[in-house]
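Novice: Please see the structure below; I have some questions.
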């Protein structure tokens, strides 16, 4: 497998961690309680930590004099390969939790397979991340239940978020050409095989939370090809502000 | 209780403090002690959580991943410190919600420094270096204050804060050693944060109303002016080392006193900000109120859910 | 209805072999949340291997006003301590 394919494959995983981490870090100081603020920040820190491990590896693979920051901050929007789900905005706490939950369940299933990758580095990153993401899934599932089976208002709000974000879930199981090459060479995960398990877990939790599983027939996709939603440009404007305004400096 | 009995209790109480004994939540204490502590501890807690905002302003724009995680961890610590302090305050019989209410309605104060805007990345360096530096000078003596829960919270806070000031100074050092543009950014931040940092240590002793009583209760071990001098003496050489200039033309080492002499502080500006007319007073408060009000349905949901679970458990038991 | 999250006390075992020690308190709607919050608030720096949480209202505390009757009677029971007993000089340790 060519390094360039491997790099693209890693972006497909790592960019999710970066963008979701960035979204979560917007919340620091603005959450519903001090305790939840601290919890969501912890998840942001876990995800950004994972991002750094992946990007440092990419920098090494690239064979150029690249750093993790060049990779994080200096690509164009079309070069980010995260799924649309993770770039969706923090509309309200119901969206934050739902986005987290819908991603966590996938993320954990992915990592559980990725730890068997024949790429030692990816396997090691996955093994470490599994512990973090297991906790994320526990946290977001608990909160889905609280909001779903809480008050009428909270059920309505979180159901709205579930309905709204559901259309982004199918993309999680799409395979890009780079994904296929990675699977063939034994370093990547065939995400299509995770789909049934994903729906089973998500359905179970949503039902326990007295929420409806949306019946959506039309799904959105594009993030994996670098075709993002309109939200992405603003997120990157924030993320890249310093590196773009003051190029070639050390911070 | 008769007046005489109270007086007697007060005497015993003051003797205990003088002997360096700690006061614990259920111990008898004069009403004034309780009130003063609620005021000071809650002000301190409010400062931590309002202080998250100016720094939080730069988390999404931090210039490198390393800086981003460090800043996130620092702002998160501040939430933690707010939490420890609110908890200490709650042992005095006031709830966190009541304390929030005092903050949101403007009855309670918080450190005025957080009403200044963070307009460049260097401001994050300046806050860590100067604001946390001044805060540490204020806080370290509180680790041995007389009220047990406050002292314990402060020990935890001080232990965790040790990385905060370094984080800021490292940012400033990197900028000062960077390109001319970066160095100018650092100098500009120092220019804007220097005087507010000096003000942060409180009004001059002549103007300070609480000092004497606070000294007795070990809420304070040194006066505001002494703390300010200590801050200046330790910070000026740090600025020299990285080649930045403290924006005070009157600043001069005084061989005789062994301290730096410094220029006049603009106390009018201080009082303007304290009284609510600083550049960001309004933004800070509306951010806090907003977070609290928009979070209400979430907090309610969690309580409703907990109640339902409790009922389910009971039913099962029957 | 008062919908404020109740207060919980947090006890953390720093490492196996040591007892759980009171670390502080926090607010949470239920025990599960209290445990998760305690993990995030009090063990961010690797401070613990086990956590207990208990709702503060469930703790019964002694009253400092009864300090005399509760604790002072123990002060003169010197015979509970080994130093109360004399040993022949030849016996160095017991």
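The values are calculated or read from the model by the stated rules, or taken from the named source; none is laboratory data. Since the structure is predicted, the reported quantities are computational estimates derived from the model, not experimental observations. Please note: Cβ atoms are built from the backbone with ideal geometry, for glycine as well, and neighbour counts cover all protein chains shown.
Novice: Tally time: how many residues in the stretch C:55-74 are without any contact (Cβ under 8 Å) to a residue 24 or more places away in the chain, in contact with a helix residue (DSSP H, G or I) (Cβ under 9 Å, 6 or more places away or on another chain) and either within 11 Å of chain B (Cβ to nearest Cβ) or surrounded by 10 or more Cβ atoms within 10 Å (Cβ to Cβ) (or both)? So that I can check it myself, show each step before the final result.
Specialist: Let us first name the residues in the stretch C:55-74 that are without any contact (Cβ under 8 Å) to a residue 24 or more places away in the chain, namely C:58, C:60-74.
Now narrow it down to the ones that are in contact with a helix residue (DSSP H, G or I) (Cβ under 9 Å, 6 or more places away or on another chain): C:62-63, C:74.
Of the ones still in play, those that are also either within 11 Å of chain B (Cβ to nearest Cβ) or surrounded by 10 or more Cβ atoms within 10 Å (Cβ to Cβ) (or both) are C:62-63.
So the count comes out to 2.
Novice: Are any residues in the stretch A:105-139 over 30 Å from residue A:208 (Cβ atoms) and part of a helix (DSSP H, G or I), and if so, which ones?
Specialist: A:120, A:121, A:122, A:123, A:124, A:125
Novice: For residue B:101, indicate whether it is free of Cβ contacts under 8 Å to residues at least 60 places away in the same chain, more than 10 Å from every other protein chain (Cβ to nearest Cβ), part of a helix (DSSP H, G or I) and farther than 21 Å from residue A:238 by Cα. Talk me through it step by step, then tell me what you get.
Specialist: Numbers: free of Cβ contacts under 8 Å to residues at least 60 places away in the same chain: yes; more than 10 Å from every other protein chain (Cβ to nearest Cβ): yes; part of a helix (DSSP H, G or I): yes; farther than 21 Å from residue A:238 by Cα: yes.
Considered against the rule, which asks whether it is free of Cβ contacts under 8 Å to residues at least 60 places away in the same chain, more than 10 Å from every other protein chain (Cβ to nearest Cβ), part of a helix (DSSP H, G or I) and farther than 21 Å from residue A:238 by Cα, residue B:101 comes out as yes.
Novice: Separate question: Just to be sure I understand, how many residues within the stretch B:177-196 are in a helix (DSSP H, G or I), surrounded by 16 or more Cβ atoms within 10 Å (Cβ to Cβ) and within 12 Å of another protein chain (Cβ to nearest Cβ)?
Specialist: Residues flagged as in a helix (DSSP H, G or I), surrounded by 16 or more Cβ atoms within 10 Å (Cβ to Cβ) and within 12 Å of another protein chain (Cβ to nearest Cβ) within the stretch B:177-196 amount to 4.
Novice: Could you check residue B:299 against (1) surrounded by 15 or more Cβ atoms within 10 Å (Cβ to Cβ); (2) closer than 30 Å to residue B:52 by Cβ; (3) in contact with a helix residue (DSSP H, G or I) (Cβ under 7 Å, 6 or more places away or on another chain) and say which number it fails?
Specialist: Result: residue B:299 fails condition (3) only.
Novice: Still on this structure, please answer the following. Kindly check whether there is at least one residue in the stretch A:80-92 that is within 11 Å of chain B (Cβ to nearest Cβ), closer than 21 Å to residue A:232 by Cα and surrounded by 20 or more Cβ atoms within 10 Å (Cβ to Cβ).
Specialist: Checked against the condition, which is being within 11 Å of chain B (Cβ to nearest Cβ), closer than 21 Å to residue A:232 by Cα and surrounded by 20 or more Cβ atoms within 10 Å (Cβ to Cβ), the stretch A:80-92 yields no hits at all.
Novice: Pick from A:176, A:169: which is surrounded by fewer than 22 Cβ atoms within 10 Å (Cβ to Cβ), touching a residue at least 40 places away in the same chain (Cβ under 8 Å), within 30 Å of residue A:226 (Cβ to Cβ) and away from chain B (no Cβ under 11 Å)?
Specialist: Details: A:169 fails: surrounded by fewer than 22 Cβ atoms within 10 Å (Cβ to Cβ).
Checking each option against the conditions leaves just A:176.
Novice: Within the stretch A:8-30, can you find the residues that are facing chain B (nearest Cβ under 10 Å), surrounded by 23 or more Cβ atoms within 10 Å (Cβ to Cβ) and in contact (Cβ under 8 Å) with a residue 60 or more places away in the chain?
Specialist: Initially, the stretch A:8-30 is screened for residues facing chain B (nearest Cβ under 10 Å), giving A:18, A:21-30.
Now drop any that are not surrounded by 23 or more Cβ atoms within 10 Å (Cβ to Cβ), which leaves A:18, A:21-25, A:28-29.
Those that are facing chain B (nearest Cβ under 10 Å), surrounded by 23 or more Cβ atoms within 10 Å (Cβ to Cβ) and in contact (Cβ under 8 Å) with a residue 60 or more places away in the chain: A:18, A:22, A:23, A:24.
Novice: Do we have residue A:70 as surrounded by fewer than 23 Cβ atoms within 10 Å (Cβ to Cβ) and within 11 Å of another protein chain (Cβ to nearest Cβ) here? Give the steps one after another, and end with the answer.
Specialist: Numbers: surrounded by fewer than 23 Cβ atoms within 10 Å (Cβ to Cβ): yes; within 11 Å of another protein chain (Cβ to nearest Cβ): yes.
Yes.
Novice: Let me ask something else. Report the residue count in the stretch A:147-157 for those that are in contact (Cβ under 8 Å) with a residue 24 or more places away in the chain and assigned to a helix (DSSP H, G or I).
Specialist: The qualifying residues number 5.
Novice: Among the candidates A:156, A:120, single out the residue that is under 27 Å from residue A:92 (Cα atoms) and surrounded by fewer than 19 Cβ atoms within 10 Å (Cβ to Cβ).
Specialist: Working: A:120 fails: under 27 Å from residue A:92 (Cα atoms).
Checking each option against the conditions leaves just A:156.
Novice: Name the pairs: first residue in the stretch B:298-309 and within 7 Å of chain A (Cβ to nearest Cβ) and more than 10 Å from residue C:28 (Cα to Cα), second residue surrounded by fewer than 20 Cβ atoms within 10 Å (Cβ to Cβ) and at pLDDT below 95, Cβ to Cβ under 6 Å, at least 6 apart or on different chains?
Specialist: B:300/C:3
Novice: Is it the case, given these coordinates, that residue A:227 is away from every other protein chain (no Cβ under 14 Å), surrounded by 15 or more Cβ atoms within 10 Å (Cβ to Cβ) and under 24 Å from residue A:14 (Cα atoms)?
Specialist: Numbers: away from every other protein chain (no Cβ under 14 Å): yes; surrounded by 15 or more Cβ atoms within 10 Å (Cβ to Cβ): no; under 24 Å from residue A:14 (Cα atoms): yes.
Answer is no for this residue.
Novice: Oh, and also: Can you confirm whether the stretch B:115-133 contains a residue that is outside any helix (DSSP H, G or I), away from chain A (no Cβ under 14 Å) and surrounded by fewer than 18 Cβ atoms within 10 Å (Cβ to Cβ)? Write out each step before concluding.
Specialist: As a first pass, look at the stretch B:115-133 and keep what is outside any helix (DSSP H, G or I): B:116-121.
Adding the requirement that they be away from chain A (no Cβ under 14 Å) leaves B:116-117.
Checking which are surrounded by fewer than 18 Cβ atoms within 10 Å (Cβ to Cβ) leaves us with B:117.
Within the stretch B:115-133 (the criterion being outside any helix (DSSP H, G or I), away from chain A (no Cβ under 14 Å) and surrounded by fewer than 18 Cβ atoms within 10 Å (Cβ to Cβ)), the answer is yes, since at least one residue qualifies.
Novice: Further question: Only residues that are surrounded by 22 or more Cβ atoms within 10 Å (Cβ to Cβ) and more than 14 Å from every other protein chain (Cβ to nearest Cβ): list them for the stretch A:123-153, please.
Specialist: A:125, A:126, A:129, A:133
Novice: A further question on this structure: Filter the stretch A:31-44 down to the residues that are in contact (Cβ under 8 Å) with a residue 12 or more places away in the chain and within 7 Å of chain B (Cβ to nearest Cβ) and list them by number.
Specialist: A:31, A:32, A:41, A:44
Novice: Can you tell me which residue in the stretch C:2-54 is farthest from the chain's Cα centre (by Cα), limited to those that are at positive phi and surrounded by fewer than 18 Cβ atoms within 10 Å (Cβ to Cβ)?
Specialist: Keep residues of the stretch C:2-54 that are at positive phi, which gives C:17, C:24, C:46.
Now drop any that are not surrounded by fewer than 18 Cβ atoms within 10 Å (Cβ to Cβ), which leaves C:17, C:46.
Details: C:17: 15, C:46: 20 Å.
Applying the filter and picking the extreme gives C:46.
Novice: Within the group B:83, B:72, which residue is closer than 20 Å to residue C:43 by Cα, buried (at least 20 other Cβ atoms within 10 Å of the Cβ), within 12 Å of chain A (Cβ to nearest Cβ) and in contact with a strand residue (DSSP E or B) (Cβ under 8 Å, 6 or more places away or on another chain)?
Specialist: Numbers: B:72 fails: in contact with a strand residue (DSSP E or B) (Cβ under 8 Å, 6 or more places away or on another chain).
From the options B:83, B:72, the qualifying one is B:83.
Novice: Considering each of B:291, B:239, B:287, B:306 in turn, give the residue that is over 19 Å from the mean Cα position of the chain (by Cα), under 26 Å from residue B:105 (Cβ atoms) and crowded, with 18+ Cβ neighbours inside 10 Å. Lay out the reasoning, then the answer.
Specialist: Numbers: B:239 fails: under 26 Å from residue B:105 (Cβ atoms); B:287 fails: over 19 Å from the mean Cα position of the chain (by Cα); B:306 fails: under 26 Å from residue B:105 (Cβ atoms).
B:291 is the lone residue from the list that is over 19 Å from the mean Cα position of the chain (by Cα), under 26 Å from residue B:105 (Cβ atoms) and crowded, with 18+ Cβ neighbours inside 10 Å.
Novice: Here is a follow-up. Across the stretch B:183-203, what is the total count of residues that are free of Cβ contacts under 8 Å to residues at least 40 places away in the same chain and more than 17 Å from the chain's Cα centre (by Cα)? Walk me through how you get there before you give the answer.
Specialist: Within the stretch B:183-203, the subset free of Cβ contacts under 8 Å to residues at least 40 places away in the same chain is B:184, B:202.
Add one more test, that the residue is more than 17 Å from the chain's Cα centre (by Cα), and what stays is B:184.
Within the stretch B:183-203, residues that are free of Cβ contacts under 8 Å to residues at least 40 places away in the same chain and more than 17 Å from the chain's Cα centre (by Cα) number 1.
Novice: Filter the stretch A:182-209 for residues that are touching a helix residue (DSSP H, G or I) at 6+ places or on another chain (Cβ under 7 Å) and within 20 Å of residue A:125 (Cα to Cα); which is surrounded by the fewest Cβ atoms within 10 Å (Cβ to Cβ)?
Specialist: The qualifying residue surrounded by the fewest Cβ atoms within 10 Å (Cβ to Cβ) is A:190.
Novice: Sticking with this structure for a sec: Looking at B:70, B:45, which is the one that is under 12 Å from the mean Cα position of the chain (by Cα) and part of a helix (DSSP H, G or I)?
Specialist: Details: B:70 fails: under 12 Å from the mean Cα position of the chain (by Cα).
Exactly one of B:70, B:45 is under 12 Å from the mean Cα position of the chain (by Cα) and part of a helix (DSSP H, G or I), namely B:45.
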